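**Student:** Got a structure for you, questions after.
The values are calculated or read from the model by the stated rules, or taken from the named source; none is laboratory data. These figures come from a predicted structure and were not determined experimentally. Glycine also receives a Cβ, built like all others from the backbone with ideal geometry; neighbour counts cover every protein chain displayed.
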Amino acid sequence: MLRPLLFGLYILCFLCSLPSALSRKWRDTGTGTIILEEAWTIPELIVQVGDTNAALGGTNVELKADLLDIHDQRLTFMNENDVDFMVVSCASPCIQGISDPAEAESMAVLVNNRLAGTIANNTERFGGFASLSMHNATNAALELKRTVQELGFLGALVNDYQQSGPDNTTLLYYDQPEYDVFWQMVTDLDVPVYFHPRSNIAQIGNLLDGHAPWLKGPAQEFAVTLSNHILGLCTNGVFDRFPKVKIIVGHLGERIPSDLGRIDEQLLRQLPLGMPMKLNASSYWQTNIWETTSGNFATPLLEFHMDTIGLDRIMYSVDYPFVAIAEGEAWVQTLPGTLNPQQLNSLKRGVAIKVLGLD
Ligand SMILES: *[C@@H]1O[C@H](CO)[C@@H](O)[C@H](O)[C@H]1NC(C)=O
Ligand SMILES: *[C@@H]1O[C@H](CO)[C@@H](O)[C@H](O)[C@H]1NC(C)=O
Ligand SMILES: *[C@@H]1O[C@H](CO)[C@@H](O)[C@H](O)[C@H]1NC(C)=O
Ligand SMILES: *[C@@H]1O[C@H](CO)[C@@H](O)[C@H](O)[C@H]1NC(C)=O
């Protein structure tokens, strides 16, 4: 009785696992870390990196060399610092910085094919997130499908809003109904979408930070601008319409979990004004949104977030090469004082294995 049943289940599970047949074998040491906000780019886009945001202690020339590399210094740093697996994605703003739709779409295909080709001989250590032109939600959905089903990518990473229009000032946010076709595809493929920051278009950047240009970039501008987009997804009801969508937000959630009490309370007052959101922002951090620790290795904040959103929503990541992998690993080494072994394993890899579908 039992045997045919088990065999039937086996066949069933084999069949149901077919769509993700590309889910790979990866180097699973059982204890190493998985990191997933890790930047790379192609020579055609290196000009986007600019000359200011060098890695700590490194020069801009080194930063650019690190961004273009996969198999040399990047892998060496991974080996030296206990990283089992890295998900690679295109450095900001990548496609979101290309205003022309046709150019953006062909560049996305180029980036995705180049990444897949580059990591093809070492998928035990490297996976990819798709780069997507978000000018047209249908085409974005189709390219996501292609990269997941044909290239074995683990999801997508978008660099905040898509700039568009002749002077770049048409900003496309994915919390609008036109993107429902994209979120439907994300749901069907069951892959996460990482929301990564970008520098604002010049017109906004100058108005916002012209008085204190030091605030451009990671210190302030990134979190302010990206958290707006994430809360747009919440308040415009994307997670109510697509309850299975998985979003990942880096840098300890771009500050949102630190402020959820006030956000929930104040948004409640918008309900009578027609806000489509059905629940509250806190609740989506239990169902749809995860965060990573990329570039934000703050133990007291981690503890606070464990209380607010829970450790099962938090994944370790670095933000290489803008942040050194060794800096992240040095922080991880301090955590046994704060987390028990099971909690540490969850942060270093356990949640990522589930969210990325690596199990
Ligand atoms: C993959 O190919 C690159 C480029 O040829 C090479 O540097 C690297 O060592 C190869 N990796 C493996 C695991 O074969
Ligand atoms: C998006 O592209 C499709 C072709 O894939 C086209 O049919 C559709 O009209 C485009 N949508 C918009 C809003 O331009
Ligand atoms: C639009 O953006 C592109 C690429 O980011 C930039 O080269 C160009 O100067 C921008 N145009 C305007 C009008 O700011
Ligand atoms: C948010 O919603 C959850 C359940 O949906 C509820 O338990 C919680 O009390 C709400 N929080 C606030 C501040 O309204």
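**Student:** When you check residue 163 against the structure, is it modelled with pLDDT of 95 or more and more than 16 Å from ligand 3 (Cβ to nearest atom), yes or no?
**Tutor:** When the stated conditions are applied, residue 163 does not pass them.
**Student:** Run down 318, 355, 332 and say which single residue is in contact (Cβ under 8 Å) with a residue 24 or more places away in the chain, assigned to a helix (DSSP H, G or I), within 27 Å of residue 67 (Cα to Cα) and within 15 Å of the chain's Cα centre (by Cα).
**Tutor:** When all the criteria are applied, what remains is 355.
**Student:** Select, from 66, 28, the only residue that is part of a helix (DSSP H, G or I) and of a type outside the set (Lys, Arg).
**Tutor:** Matching residue, one of 66, 28: 66.
**Student:** Which of the numbered conditions does residue 213 fail, given that it passes all the others? Conditions: (1) at pLDDT 95 or above; (2) away from ligand 4 (no atom under 16 Å from the Cβ); (3) of a type outside the set (A, V, I, L, M, F, W, C).
**Tutor:** If we test residue 213 against (1) at pLDDT 95 or above; (2) away from ligand 4 (no atom under 16 Å from the Cβ); (3) of a type outside the set (A, V, I, L, M, F, W, C), just (1) comes out false.
**Student:** Mind listing just one residue for me: the one in segment 236-254 that is without any contact (Cβ under 8 Å) to a residue 60 or more places away in the chain and surrounded by fewer than 17 Cβ atoms within 10 Å (Cβ to Cβ) and, of those, nearest to ligand 2 (Cβ to nearest atom)?
**Tutor:** The qualifying residue nearest to ligand 2 (Cβ to nearest atom) is 237.
**Student:** Another one. Consider only pairs whose beta carbons are under 7 Å apart and that are at least six residues apart or on different chains; among these, list those whose first residue lies in segment 164-193 and is in contact (Cβ under 8 Å) with a residue 40 or more places away in the chain and outside any loop (DSSP other than H, G, I, E, B) and whose second residue is charged (D, E, K, R) and within 16 Å of ligand 2 (Cβ to nearest atom).
**Tutor:** 185/145; 189/145
**Student:** What are the pairs with Cβ atoms under 6 angstrom where one residue, in segment 196-210, is at pLDDT 95 or above and the other, located anywhere, is assigned to a helix (DSSP H, G or I) and within 10 Å of ligand 3 (Cβ to nearest atom)? Sequence gap at least six, or different chains.
**Tutor:** Every condition considered, the pairs that remain are 198/96.
**Student:** List pairs: first residue in segment 33-60 and at pLDDT 80 or above, second residue surrounded by 15 or more Cβ atoms within 10 Å (Cβ to Cβ) and among the aromatic types (Phe, Trp, Tyr) anywhere in the structure, Cβ distance under 6 angstrom, at least six positions apart or on different chains.
**Tutor:** Listed by first residue and then by second, the contacts come to 33/316; 34/85; 38/320.
Table: residues versus (1) within 19 Å of residue 144 (Cα to Cα); (2) in contact with a Lys or Arg (Cβ under 9 Å, 6 or more places away or on another chain); (3) away from ligand 3 (no atom under 16 Å from the Cβ); (4) among the acidic types (Asp, Glu).
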| site | (1), (2), (3), (4) |
| --- | --- |
| 33 | no, yes, yes, no |
| 76 | no, no, yes, no |
| 92 | yes, yes, no, no |
| 103 | yes, no, no, yes |
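**Student:** For segment 284-300, name all the residues that are surrounded by 17 or more Cβ atoms within 10 Å (Cβ to Cβ) and not in a strand (DSSP E or B).
**Tutor:** 284, 285, 288, 293, 294, 295, 296, 297
**Student:** Take residue 192 and tell me if it is at pLDDT below 95 and under 26 Å from residue 255 (Cα atoms).
**Tutor:** Here the answer is no, as residue 192 does not meet what is asked.
**Student:** Return a yes/no flag: does segment 159-181 have any residue that is more than 16 Å from ligand 1 (Cβ to nearest atom), under 19 Å from the mean Cα position of the chain (by Cα) and over 21 Å from residue 101 (Cβ atoms).
**Tutor:** Scanning segment 159-181 turns up no residue that is more than 16 Å from ligand 1 (Cβ to nearest atom), under 19 Å from the mean Cα position of the chain (by Cα) and over 21 Å from residue 101 (Cβ atoms).
**Student:** Does residue 354 satisfy the criteria of being modelled with pLDDT of 95 or more and surrounded by 14 or more Cβ atoms within 10 Å (Cβ to Cβ)?
**Tutor:** yes
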